[in-house]
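First up is the structure itself, then whatever we jot down about it.
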Amino acid sequence: MIRKRPVVAIDGPAGSGKSSVAREVARRLGFTLLDTGALYRCVALKAERETLTLEQSALLGELAASMDVRFEQGGIGKGVWLDDEEVTEAIRAPSISQLASRVSALPEVRHALLDTQRKLGLDGGVVLEGRDIGTVVFPDAEVKVFLEAPDRVRAQRRFDELTSKGIKADLEQVLSDVRARDKRDAERDIAPLVAAEDAVVVDTGELGLNEVVAAVLRVVEEKTGK
Ligand code: DC
């Protein structure tokens, strides 16, 4: 399919810098941003509130298909609303991170969210950040980047993020959470976390935000001539 403006897929594990990088890349390009992880997190939050268990996968799929998620300023702002309630902070709680990773392994949930994601990106001019954008959601994305970094570096970033928000955290616990989530995300049967064959892999371990953003913008330029 020929789009006037490209789909930019930014995938990678927790703490690889995806969110900050994707937000800045979208801002610089004037594109909409879709934080696809937030969709899985909203499913997890609703599931927790409605005390659904992972065995109730059909209900979880329905919940994913029917929920109404909105993002501030086309996703560039940090605000997230779920069925008209602001959930920006609630969906970042460590327990929701783990539950999001669990519900995201359910085919019913992934299937429901696939439609949401594809509709949003169809016409291009969008940056999608997640785990399976370049492999499953938009295998025809014009630009595919996979960000990675050593797990200790990623855990430290998560730890800093939590403590900066005043959330008490323990670095070793964060590291073991990161590892558990990586393992689950990478080993699941459906849409596992893996770089697309045609993705440009960037190790962000030793790079600052601006350097990673510059690297991604170079890929956009190379792939689209803009
Ligand atoms: O990017 P994040 O940490 O907000 O994602 C939360 C969880 O959602 C993550 O553990 C795996 C899942 N996820 C996914 O399976 N596919 C995506 N495209 C995005 C997130």
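The values are calculated or read from the model by the stated rules, or taken from the named source; none is laboratory data. As the structure is a prediction and not an experimental result, all values here were calculated from the model. Here the Cβ positions follow ideal geometry from the backbone for every residue, glycine too, while neighbour counts run over all protein chains shown. Just so you know, the surface numbers come from the protein's heavy atoms only, side chains and all, with ligands and any DNA or RNA stripped out. Shrake-Rupley method; radii C 1.70, N 1.55, O 1.52, S 1.80 Å.
When peptides 185-191, 50-56 are sorted by average Cβ neighbour count within 10 Å, with the highest value leading, the order is 185-191, 50-56. Within the accessible surface of the range 72-226, defined with a 1.4 Å probe on protein heavy atoms only, the carbon and sulfur portion equals 52 percent. Approximating the spin labels as points 7 Å out from Cα along Cα→Cβ, the E206-to-I2 distance works out to 4.3 nm. Please report how far the C-alpha centroid of the range 39-115 lies from that of the range 159-180, rounded to the nearest whole angstrom. Using only Cα atoms, the two centres lie 21 Å from each other.
Look at the alpha carbon pairs under 8 Å that are at least 6 residues apart: their mean separation over the length of the range 126-211 gives a relative contact order of 45 percent.
Remark: relative contact order (the range 70-226) = 24 percent; criterion is Cα-Cα distance under 8 angstrom and separation of 6 or more residues. Along its three principal directions, the equivalent ellipsoid of the chain from the Cα gyration tensor extends over semi-axes of 25, 21, 17 Å, largest first.
Calculation over all alpha carbon pairs of the range 122-162 in 5 angstrom steps from 0 returns a P(r) of 6, 19, 22, 15, 13, 14, 9, 2 percent.
Think of a 1.4 Å ball rolled over the protein heavy atoms: the range 17-127 then has 46 Å² of accessible area per residue. In this structure the amide hydrogen of L147, modeled in the peptide plane, comes within under 5 Å of the amide hydrogens of D11, G12, V202, none closer than 5 places in sequence on its chain.
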